[in-house]
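First the structure, in the form of structure tokens, and then the observations on it.
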Amino acid sequence: MAEHPAYPVGLRLTGRRVVVLGGGQVAQRRLPALIAAGADIILVSPEVTPSVQAMADAGEITWHQRPYEEGDLADAWYALIATGDTEANTRASAEAERNRVWCVRSDDADEATAWTPATGHSEGVTVAVLTTDARGRDPRHTAAIRDAVVEGLRDGTLVAPHHRTRTPGVALVGGGPGDPDLITVRGRRLLAEADVVIADRLGPRDLLAELPPHVEVIDAAKIPYGRFMAQEAINNALIEHAKQGKSVVRLKGGDPYVFGRGMEELQALAEVGIPCTVVPGISSSISVPSAAGIPVTHRGVAHEFTVVSGHVAPDDERSLVDWPALARLTGTLVILMGVDKIGKIAEALVAHGKPADTPVALVQEGTTAAQRRVDATLATVAETVRTEDVKPPAVIVIGEVVKVGPTATAPRE
């Protein structure tokens, strides 16, 4: 048997009996995939790990709390033998052979009739890697090949052309706070498949350089529009390219729905019947403070955090923010798009009762190579922004959590 390679095949186990012997770490790793496959799973083991116990408690598997007994593999389509009892494993393997049940053994692969490949998944594709030479099996090498293929599919460096007609449409992709490594796997894959990318200046710009030459990249900031027509012009550009049968990605900074006008774009597309996918992104309101060593919540310090747009000053009649209520909160306040309004914001918070010595941190160009952090207080933040020349984009964190992180610095007096 060792002279011949294994024959790869995909088992369709939905509703079919699978018997797992042993409830330890091997079973804990293998059970989720069997559950996802829809198998009728019978687990036989005197003891199980807490995670396996949770699967049994949730009704995902049926657990017989006892050692293996002859006949346990009756009517099984597939068996995983992973007990710590070699003698029991041998007997169970022999039963599987007699009953023609494909069987994996965790303790002795050469005595098994089946091997478990190193598997990974990427958007509807399952990658399964087996070592063909039984005498030279190297699980680490197999797993490394699996990881390389899956990572290539996910980040777009390994792109297989589609041989079926793609449905044109738009994907609103949250690109995260700026570091290209912080975009989601799905967002990066959609970028790799795009015909047109309409990008914000706050999106992860480094990713644009990785796009194939045929991809049309449009800077949303340079789309011609009147002063109050910016969003309408972007909507029109999305619609125009999608109607041409192209796959369009609207690459936005942070998350599309956190001050990103993502819903406005989705509504415009829906009105003309263009399908749209929304891919969430890591919001700068959480990630940028984290990158600067600031937890937005911390036990004993802050039990809540509030994210506010600072593009409209507190004394502006267009403001929808209840600043007196914010001043009364004891948790963390995160201000986005508020660098040029931080003076008036600080004045409003202090006027409504927030202590003037409340710590403030400004994190400019967060998660990028140009990131820098400047600390102040509500009393000094306006002057600090001027003297330190803090420029957008910057995330402003107000609250005691500013003093918690390992990189906290003394506020400027």
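The values are calculated or read from the model by the stated rules, or taken from the named source; none is laboratory data. This one's a predicted model, so the numbers in the text were calculated from it and none came from an experiment. A quick note on method: Cβ atoms are made from the backbone with ideal geometry, for glycine too, and the neighbour counts reach across all protein chains shown.
Brief remarks on what is shown
- Those helices (runs of 4 or more DSSP H) lying entirely in region 217-296 with at least 2 residues at pLDDT 95 or above and in contact with a helix residue (DSSP H, G or I) (Cβ under 7 Å, 6 or more places away or on another chain): 230-243, 262-271
- Of the residues making up region 71-107, those that are touching a Lys or Arg at 6+ places or on another chain (Cβ under 7 Å) and assigned to a loop (DSSP other than H, G, I, E, B) are D75, A76, W77.
- Residue that is farthest from Q53 (Cα to Cα) [pool: residues in region 14-42 that are touching a helix residue (DSSP H, G or I) at 6+ places or on another chain (Cβ under 7 Å) and in contact (Cβ under 8 Å) with a residue 40 or more places away in the chain]: V18
- Hits in region 305-328 (condition: in a loop (DSSP other than H, G, I, E, B), touching a residue at least 24 places away in the same chain (Cβ under 8 Å) and within 16 Å of K354 (Cα to Cα)): P314
- Of all positions in region 366-376, at least one carries a residue that is among the acidic types (D, E), surrounded by 19 or more Cβ atoms within 10 Å (Cβ to Cβ) and outside any loop (DSSP other than H, G, I, E, B).
- Residue pairs whose Cβ atoms lie under 9 Å apart, separated by 6 or more positions or on different chains, with the first residue in region 106-135 and closer than 18 Å to V26 by Cβ and among the charged types (D, E, K, R) and the second surrounded by fewer than 18 Cβ atoms within 10 Å (Cβ to Cβ) and modelled with pLDDT of 80 or more, are D107/G84; D107/T86; D108/T86; D108/T90; E111/T90.
- Restricting attention to region 231-264 and to residues that are among the basic types (K, R) and surrounded by 21 or more Cβ atoms within 10 Å (Cβ to Cβ), the residue that is nearest to P177 (Cα to Cα) turns out to be K252.
- The conditions of being outside any helix (DSSP H, G or I), within 24 Å of T90 (Cα to Cα) and within 35 Å of the chain's Cα centre (by Cα) are met by V19.
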